[in-house]
Protein chains: 2
Amino acid sequence: MSYVAPLKDMQFVLNELAGLADVNALPGCEDATPDTVEAVLEENAKFCSEVVAPMNWEGDKSPSHWHDGHVTTTKGFKEAFKAFGEAGWQGVQHPVEFGGQGLPKLVATPCLEMLNAANLSFALCPMLTDGAIEALMTAGSEEQKATYLTNLISGKWTGTMNLTEPQAGSDLAMVRSRAVPQEDGTFKVFGTKIYITYGEHDMADNIIHLVLARTPSAPEGIKGISLFLVPKVLVNADGSPGERNDVQCVSIEHKLGIKASPTAVLQFGDHGGAIGTLIGEENRGLEYMFIMMNAARFAVGMQGIGIADRAYQKAVRYAKDRVQSRDLTGSPGPVAIIHQPDVRRMLMSMRAQVEAARALAYVTAAAHDASHHHPDEVTRKANNLFYEFMVPVVKGWSTELSIDVASTGVQIHGGMGFIEETGAAQYYRDARILTIYEGTTAIQANDMIGRKTVRDGGANAKGIIAQVRQTEAELAAVDSADLAAIGARLGEAAQALEDVVNFIVANAKSDIKGVFAGSVLYLKLAGIVFGGWQMGRAALVADKKLKAGDGDASFYRAKIGTARFFADHFLAQASGYRAAIVEGSAGVMALTEDQF
Amino acid sequence: MSYVAPLKDMQFVLNELAGLADVNALPGCEDATPDTVEAVLEENAKFCSEVVAPMNWEGDKSPSHWHDGHVTTTKGFKEAFKAFGEAGWQGVQHPVEFGGQGLPKLVATPCLEMLNAANLSFALCPMLTDGAIEALMTAGSEEQKATYLTNLISGKWTGTMNLTEPQAGSDLAMVRSRAVPQEDGTFKVFGTKIYITYGEHDMADNIIHLVLARTPSAPEGIKGISLFLVPKVLVNADGSPGERNDVQCVSIEHKLGIKASPTAVLQFGDHGGAIGTLIGEENRGLEYMFIMMNAARFAVGMQGIGIADRAYQKAVRYAKDRVQSRDLTGSPGPVAIIHQPDVRRMLMSMRAQVEAARALAYVTAAAHDASHHHPDEVTRKANNLFYEFMVPVVKGWSTELSIDVASTGVQIHGGMGFIEETGAAQYYRDARILTIYEGTTAIQANDMIGRKTVRDGGANAKGIIAQVRQTEAELAAVDSADLAAIGARLGEAAQALEDVVNFIVANAKSDIKGVFAGSVLYLKLAGIVFGGWQMGRAALVADKKLKAGDGDASFYRAKIGTARFFADHFLAQASGYRAAIVEGSAGVMALTEDQF
């Protein structure tokens, strides 16, 4: 089996850290009982491991290819996507009203992790479709919802996000695509969009493009961008397929990784104009796009965790299998390389980062559920603040570490890791996009500083740090050398983060470049502190279970060991980050442009 | 121009940090006058930029390919290699007696950097040939030298290193290839060797394979390995080509990167035995191999620096070119992304690491020259100790950072970075082998701990740290905020390294796994401290020049800014490394194997 879903750790995080029982108690989440969730995860794991994972390497060898405007996906993708839709997996978190399962985000999150671990390229199609569903749910008209949602949620149709243009990447103010109003209320859309994931493919009957464009009367900049729905195939009033719309896939990209996922260049309106309908109100397109972007960013974070876990699993198998050199403490003959301390360190580094990132992501997903479903408004608001703060961390940190983890996976394989047939290199290539799309790490970090830290004077950040301090105190109160060590490191790291928050708030106006020079470092430090926080909480639970003689002792001991590793190897980096952010901006901005 | 040799920084390092004048004063190095060296570097730069660099991308698209035992290299490689040999570049550091230029290693080192920056795949062929030359110079018989050296040094023939077998990678004790003595004094060699760089190709008339194998009477393990010379084409007594030897290239690997460099599986002796001659004495093969390995390891470190600099140059060009978003302090319209502080931070991170690694490598090369040529034995010995200590650092640290630098280069390109046509991704793929071949980073780190630190009770390591302290004191004595800050960080980092050395020496026997659990971290910390030391020395020189109004003020100011960046962003990480090494081994070894 090339991918085994880590159901045990997932269940641990769901139940002990993310509070599945609390989520299940929320109005609207009654179906997410422990038994149902267990069954859902097991079924999903089976589907991902048996159907989706085996196509991953094939997709790399035989990527989707373009011919004359059509894209043929890797063998097996079409059938697998049909099965995916029919089994209801596209609809896990979407409303029952439109055919979904209506489960909380907390339950959809491990499903997302498994699908991505199984096959990053395949998973992108449902992920983008989720985004389109989210946007329509938020801002679509009743007619748009009625026409499109059920088919998107069933997996019959798929969705795309059309933001980027050659001159407009991170800077969406530069979008130039045009939408011209017609007498019948529709719009004719013109323009070139690039990097459109699954912008063209053969896995569904229709593709629903969500497109950012400007109306003739729109103001300049980001305030003049509207969102349009442009189906590949027009839909008749009775829901039957109509004419082919004026949108063409003129090429797909030759990429470093995720090769099975077709990245399209789409040409809208070359033959008279692509017919589209406005979503929501004019000039509010970016706002709607950000709603789906938030969900998509969280999902990309899950991609990082998924691919990192996959790389970890592969490295563990190889390390147990590959016999080379004797044990350092002596052995009759050569032993498996997992005996070598540095291999062990690399495996622990992979494992600890995956577990910490998973825990933080699931806890974030639970906050999302509470922010939507909790009966108390104050609690909803607090959870929303937490969720909003964590989205860039989950996206940025989980993806940055996924590159490191995948690279370490190659290293553990030695020379074999560099040979493509081994498969470790694919993860290294695939992971490399994750810190770039759906907003680069710097874009996430800018969001963290600007909207999430400076705007409220650091109040939300400090509120969360206070929760970390609470865990630190709990760790210190336990009679355990490991927990004490974890608590001490967590305390130092939390202090470093608080220093950084204070620095950012104090200097954002007077030295904006100096503050933003540390933006990505702030994001990474936050990831380490909050990931370490969750590992500290996990160690507390594990310690309690062990003392009570409750459950799988080996699992809990491993959890404490992993938390200890995370503390000494990652939380201990906090002071270095603090120095680089608080004192390191002089060096960042020291050179003039012509000195480069 | 896709690669511009950084001649200015090279000259600065050569003259101000590595002491080219001192090397030139050594007996046997009289030819390396400043004028000659400048001319050599300029010529080499021209050749590398104009001939070798332009084939780099082509080699990735159209790699070397295998057909029926023959390997055809990328278009242009054959002609370029011929020109390379004819211009004398293979012989830069080799004896005049055999047709070389007889220049010091310090001069060969920037040439090596340029060739590798221009084209890692191409550069591997001369690099392996250098290794074969080195081994023959050390242990070859007069007849072997007479027969092979001139043709290897002229580039007419090339050399290979045949170590790895499917079951014997990092663990050479497991080598199984056999060499059976014949009545005429030759041996018949049998076995399968894998990962043989340029093991077969069409760029030279003959390939001289240096092969590790066991004679029938050899003891088990690494003490029973001998080194054999097995030419692809047998050489007649008069030097003319004889029969084809019994060595076949049965396939080449499909790799993540360095695709133009053919990585061969070689089959020796399938048709009666490949004819070889013993190099040096029986059972001392590993010892000879280590002589060439030391040179090769240093050279791989230079590969890391070369590819990192190439990635940096490309990122700078893109960052100056790509217009996106306004300046944070306000601008009439969008500006080049080099204005964005995080882009600036990434560029500085690339630049600072490249400059620090370059300085450390060149200083190490100068020590090699002094260790060979200095008239005073005590000085020779001291320089040899320094060189030996630094080889694993130069190899391990420069290559580890090259992956980070190449990855950052992709990130700066945003979505474009993930598109293969852009070229940034090739560096990310190519660099990934560097921490693996010629001994993984862990193998380098084991060498550092075992042979270079524990054996002498940390004396050599501490002696070098004392030199770092001297630079710290000099920095503190200068009236400059930047230099003071650099000095303070350098002092803290040197202390962390000293703590680590003490920890290693104290615990190597009682807790061998605990000590080796931190081996790679020790290597990386040493790289940061010694790299930071060189940047500190560079800042001292720059400050002096600026105060004297001597030379290019902009260059010197940039050097101080880069040193400052290195201090706050890299030296500041030292305490985290210290913690992970000294206190973090518990976590590394916490899990049992079945808990993975």
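For this structure, a couple of remarks:
- Taking the listed residues B:I449, B:I433, the one that is within 24 Å of the chain's Cα centre (by Cα), within 14 Å of chain A (Cβ to nearest Cβ) and closer than 15 Å to B:R297 by Cα is B:I433, with no other qualifying.
- Subset tally (residues that are crowded, with 20+ Cβ neighbours inside 10 Å and out of contact with any Pro (no Cβ under 6 Å at 6 or more places or on another chain)) for the stretch B:64-79: 3
- B:Y427 falls short of the stated requirement of being surrounded by fewer than 24 Cβ atoms within 10 Å (Cβ to Cβ), among the aromatic types (F, W, Y) and assigned to a helix (DSSP H, G or I).
- Only one of B:K232, B:K223, B:K188 that is touching a His at 6+ places or on another chain (Cβ under 8 Å) and at negative phi: B:K232
- Qualifying residue in the stretch B:10-33 (condition: assigned to a helix (DSSP H, G or I), charged (D, E, K, R) and without any contact (Cβ under 8 Å) to a residue 24 or more places away in the chain): no
- The one condition in (1) more than 22 Å from B:V13 (Cβ to Cβ); (2) assigned to a helix (DSSP H, G or I) that B:K75 fails to fulfil: (2)
- Matching residues, the stretch B:133-150, being of a type in the set (D, E) and under 13 Å from B:E287 (Cα atoms): B:E134
- When B:A260 is tested against (1) in contact with a strand residue (DSSP E or B) (Cβ under 7 Å, 6 or more places away or on another chain); (2) buried (at least 20 other Cβ atoms within 10 Å of the Cβ); (3) outside any helix (DSSP H, G or I); (4) among the aliphatic types (A, V, I, L, M), exactly one condition is not met: (1).
- Cβ separations smaller than 7 Å between residues 6+ apart or across chains give the following pairs from the stretch A:49-63 residues that are farther than 22 Å from A:H254 by Cα to residues that are among the small types (G, A, S) and surrounded by fewer than 17 Cβ atoms within 10 Å (Cβ to Cβ): A:V51/A:A83; A:A53/A:S2; A:P54/A:S2.
- For the stretch A:398-425, a residue qualifies if it is touching a helix residue (DSSP H, G or I) at 6+ places or on another chain (Cβ under 6 Å), polar (S, T, N, Q) and at the interface with another protein chain (Cβ under 9 Å from one of its Cβ atoms), and exactly one does: A:S407.
- Only residues that are farther than 16 Å from B:A168 by Cβ, of a type in the set (D, E, K, R) and in contact (Cβ under 8 Å) with a residue 60 or more places away in the chain were counted in the stretch B:184-208, giving 3.
Listed here are the residues, each with its yes/no results for (1) within 21 Å of A:V233 (Cα to Cα); (2) under 24 Å from the mean Cα position of the chain (by Cα).
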site	(1), (2)
A:D130	yes, yes
A:I133	yes, yes
A:A139	no, yes
A:Y148	yes, no
A:R178	yes, no
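- Taken over the stretch B:193-223, residues that are buried (at least 18 other Cβ atoms within 10 Å of the Cβ) and of a type outside the set (A, V, I, L, M) amount to 11.
- Those residues of the stretch A:304-346 which are part of a loop (DSSP other than H, G, I, E, B) and among the acidic types (D, E), in sequence order: A:D327
- Residues (within 13 Å of chain A (Cβ to nearest Cβ) and free of Cβ contacts under 8 Å to residues at least 12 places away in the same chain) located in the stretch B:479-538: B:A481, B:A484, B:N507, B:K509, B:S510, B:I512
Table: residues versus (1) more than 24 Å from B:D9 (Cα to Cα); (2) over 16 Å from the mean Cα position of the chain (by Cα).
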{"position": "B:G330", "(1), (2)": "yes, yes"}
{"position": "B:G333", "(1), (2)": "yes, yes"}
{"position": "B:M346", "(1), (2)": "no, yes"}
{"position": "B:V378", "(1), (2)": "yes, yes"}
{"position": "B:V393", "(1), (2)": "no, no"}
{"position": "B:T399", "(1), (2)": "no, no"}
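- Of the residues contained in the stretch B:99-113, none is found to be part of a helix (DSSP H, G or I) and in contact with a Ser or Thr (Cβ under 8 Å, 6 or more places away or on another chain).
Rundown of residues vs (1) closer than 14 Å to A:G91 by Cα; (2) of a type in the set (F, W, Y); (3) touching a Leu at 6+ places or on another chain (Cβ under 6 Å), yes/no style:
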| position | (1), (2), (3) |
| --- | --- |
| A:L112 | yes, no, no |
| A:L124 | no, no, no |
| A:I133 | yes, no, yes |
| A:E165 | no, no, no |
| A:A168 | no, no, no |
| A:R176 | no, no, no |
| A:I196 | no, no, yes |
| A:D202 | no, no, no |
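- Yes/no for A:I443 being touching a residue at least 60 places away in the same chain (Cβ under 8 Å), in a helix (DSSP H, G or I) and either surrounded by 24 or more Cβ atoms within 10 Å (Cβ to Cβ) or not polar (S, T, N, Q) (or both): yes
- Taking every residue in the stretch B:567-579 that is within 8 Å of chain A (Cβ to nearest Cβ) and pairing it with any residue that is outside any helix (DSSP H, G or I), at least 6 positions away or on another chain, the pairs with Cβ-Cβ distances below 7 Å are B:D568/A:E583; B:D568/A:G584; B:H569/A:G584.
- The stretch B:541-566: number of residues that are at the interface with chain A (Cβ under 8 Å from one of its Cβ atoms) and more than 23 Å from B:A359 (Cβ to Cβ): 0
- Considering the stretch A:131-206, the qualifying strands (runs of 3 or more DSSP E), each wholly inside and each with 3 or more residues that are within 14 Å of chain B (Cβ to nearest Cβ), run over A:187-197.
- For the stretch B:362-418, the set of residues classified as among the charged types (D, E, K, R) and either within 20 Å of B:M348 (Cα to Cα) or in contact (Cβ under 8 Å) with a residue 60 or more places away in the chain (or both) consists of B:D369, B:E388, B:K395, B:E400, B:D404, listed by residue number.
- Matching entry among B:L234, B:L278, B:L229, B:L266 (being at pLDDT 95 or above and in contact with a Lys or Arg (Cβ under 6 Å, 6 or more places away or on another chain)): B:L266
- Filtering A:A311, A:A336, A:A319, A:A264 for residues that are within 14 Å of chain B (Cβ to nearest Cβ) and touching a Cys at 6+ places or on another chain (Cβ under 7 Å) leaves a single hit, A:A264.
- If you go through the stretch A:218-246 and keep only what is of a type outside the set (D, E), touching a strand residue (DSSP E or B) at 6+ places or on another chain (Cβ under 9 Å) and assigned to a loop (DSSP other than H, G, I, E, B), you end up with A:A218, A:I225, A:K232, A:N236, A:N245.
- The stretch B:580-596, subset polar (S, T, N, Q) and more than 7 Å from chain A (Cβ to nearest Cβ), residue nearest to the chain's Cα centre (by Cα): B:S585
The values are calculated or read from the model by the stated rules, or taken from the named source; none is laboratory data. Predicted, not measured: the structure shown is a model, and the values here were computed from it. Counting neighbours? That spans all protein chains shown, and the Cβs are built from the backbone with ideal geometry, glycine included.
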